[in-house]
Amino acid sequence: MKIVSEKIYRIDDSRPSALVVHPGEEFVVKLQNAFGRSFRSVKDFETFFLPRNELLKKRVGHPCTGPIEVETKEKNISLAVHVVDTKVTKAYQCLSKSTGFLRDRFEARACEIYPIEPGNRVVVGGGDLRLRTHPKIGFVSTFDSESRSCGRASKNGGNLDLNFLDKGSIIYLPVNASKARFLIGDLHACQGNGEAAGIAIEADGEVTLCVEIVDKINFPIIDDKIRMIVVGYGETLEECARVATENSMIFLARIFPFCDWSEERIYKFISAEGNLVIGNGSGTIKTCGMVFYKGRMYNAHDLPIF
């Protein structure tokens, strides 16, 4: 099975491909935590945040693995990235000084390294609590002509930080460059939607993926088995919610019965059934997802919509 571990730190289509795969081929991607360093001890973790390491911290933060190229001659496509399996080997957490809703309240970084037990159980609170978790992927993006930070989100994907992208889920990403390529990173052992403290439980590990080619959708959509999540992004939460709503209207209008509905009727349906969830709630570019539960939607013949 092919394995890729080459890290890059910006979304930049000029970089050569680190791995080329065929549609439907499984491969393994090794991921490093969002700090860009793997720490042997809490002391090492704390040292990383000293003022003398500020330039290093900025240079290595938000590492992603890739670019991974999917071999295809088809045009006007999206990539359907299937998460076949996930594995966490080490987990870290601290408080952010730049993001998080209460970032001005705490002085200390409160660095911790959490033990990982069999079955992806994470031990937190000094051993008081064990969390049975399904590791989440925070970042995945295709390319366009712009170069941007791996800490940002756009119509291509990016730092989405929605905790639906785990084992068994699929994310659909538009291809807006000459080659069908993507980056992946920001693995979490545990991740709450909104990331209230700015940093979830960041993880080293690996994911097994395979990719298929589908008709183009011009924005990211996640299928997490029981839900469809249409992604929004923007500099404010209101803009983010507006984009998620507009994208939801476009997506629903592609499928029956919504394709026969007026925009007003689809808009009313989203207000009745869509559930807006915050992803990255306090970063430079906010993200959110409009969530639709599959088990609640059936057509006139009692068949599921999705």
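The values are calculated or read from the model by the stated rules, or taken from the named source; none is laboratory data. Because the structure is predicted, anything quoted here is derived from the model rather than measured. Here the Cβ positions follow ideal geometry from the backbone for every residue, glycine too, while neighbour counts run over all protein chains shown.
A compact table of results
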read-out: Flag for residue 120 being in contact (Cβ under 8 Å) with a residue 12 or more places away in the chain and either surrounded by fewer than 16 Cβ atoms within 10 Å (Cβ to Cβ) or touching a Lys or Arg at 6+ places or on another chain (Cβ under 6 Å) (or both); value: no
read-out: Close pairs (6 angstrom Cβ cut-off, 6 or more residues apart or separate chains): in contact (Cβ under 8 Å) with a residue 40 or more places away in the chain and among the aromatic types (Phe, Trp, Tyr) in the stretch 142-164, surrounded by fewer than 19 Cβ atoms within 10 Å (Cβ to Cβ) and not in a strand (DSSP E or B) anywhere; value: 143/13; 143/177
read-out: First in the stretch 1-12 and touching a residue at least 12 places away in the same chain (Cβ under 8 Å), second anywhere and exposed (fewer than 14 other Cβ atoms within 10 Å of the Cβ) and in a loop (DSSP other than H, G, I, E, B), Cβ under 8 Å, 6 or more apart; value: 10/147; 11/146; 11/147; 12/147
read-out: Test result for residue 72, under 22 Å from residue 201 (Cα atoms) and hydroxyl-bearing (Ser, Thr, Tyr); value: no
read-out: Residue identified as in contact with a His (Cβ under 7 Å, 6 or more places away or on another chain), acidic (Asp, Glu) and surrounded by 13 or more Cβ atoms within 10 Å (Cβ to Cβ) among 144, 161, 166; value: 166
read-out: Residue, nearest to residue 193 (Cα to Cα), within the stretch 251-280, restricted to residues that are assigned to a loop (DSSP other than H, G, I, E, B) and touching a helix residue (DSSP H, G or I) at 6+ places or on another chain (Cβ under 9 Å); value: 279
read-out: Condition met for residue 95 (farther than 20 Å from residue 180 by Cα, more than 19 Å from the chain's Cα centre (by Cα) and either surrounded by 14 or more Cβ atoms within 10 Å (Cβ to Cβ) or aromatic (Phe, Trp, Tyr) (or both)); value: yes
read-out: Residue in the stretch 211-228 that is within 20 Å of residue 31 (Cα to Cα), of a type in the set (A, V, I, L, M), in contact with a strand residue (DSSP E or B) (Cβ under 6 Å, 6 or more places away or on another chain) and surrounded by 19 or more Cβ atoms within 10 Å (Cβ to Cβ) present; value: yes
read-out: Among the residues listed as 231, 277, the single one being touching a Cys at 6+ places or on another chain (Cβ under 9 Å), surrounded by fewer than 21 Cβ atoms within 10 Å (Cβ to Cβ) and farther than 13 Å from residue 305 by Cβ; value: 277
read-out: Cross-chain or 6+ apart pairs with Cβ under 6 Å, the stretch 281-296 first and assigned to a strand (DSSP E or B) and exposed (fewer than 15 other Cβ atoms within 10 Å of the Cβ), then modelled with pLDDT of 95 or more and among the charged types (D, E, K, R); value: 293/227
read-out: Any pair with Cβ under 7 angstrom, 6 or more apart, that starts in the stretch 245-265 at a residue that is aromatic (Phe, Trp, Tyr) and ends at one that is exposed (fewer than 13 other Cβ atoms within 10 Å of the Cβ); value: 256/299
read-out: Residue count, the stretch 110-121 (criterion: of a type outside the set (S, T, N, Q), part of a loop (DSSP other than H, G, I, E, B) and at pLDDT below 95); value: 3
read-out: Test set (1) modelled with pLDDT under 95; (2) within 15 Å of residue 159 (Cβ to Cβ) - residue 279 fails condition number; value: (1)
read-out: Strands (runs of 3 or more DSSP E) enclosed by the stretch 193-250 - at least 3 residues per element that are more than 15 Å from the chain's Cα centre (by Cα) and at pLDDT 95 or above; value: 201-215
read-out: Among (1) of a type outside the set (Val, Ile, Thr); (2) touching a strand residue (DSSP E or B) at 6+ places or on another chain (Cβ under 6 Å); (3) surrounded by fewer than 21 Cβ atoms within 10 Å (Cβ to Cβ), the one test that residue 247 misses; value: (3)
read-out: Boolean, residue 45 is at pLDDT 95 or above, over 30 Å from residue 172 (Cα atoms) and among the aromatic types (Phe, Trp, Tyr); value: yes
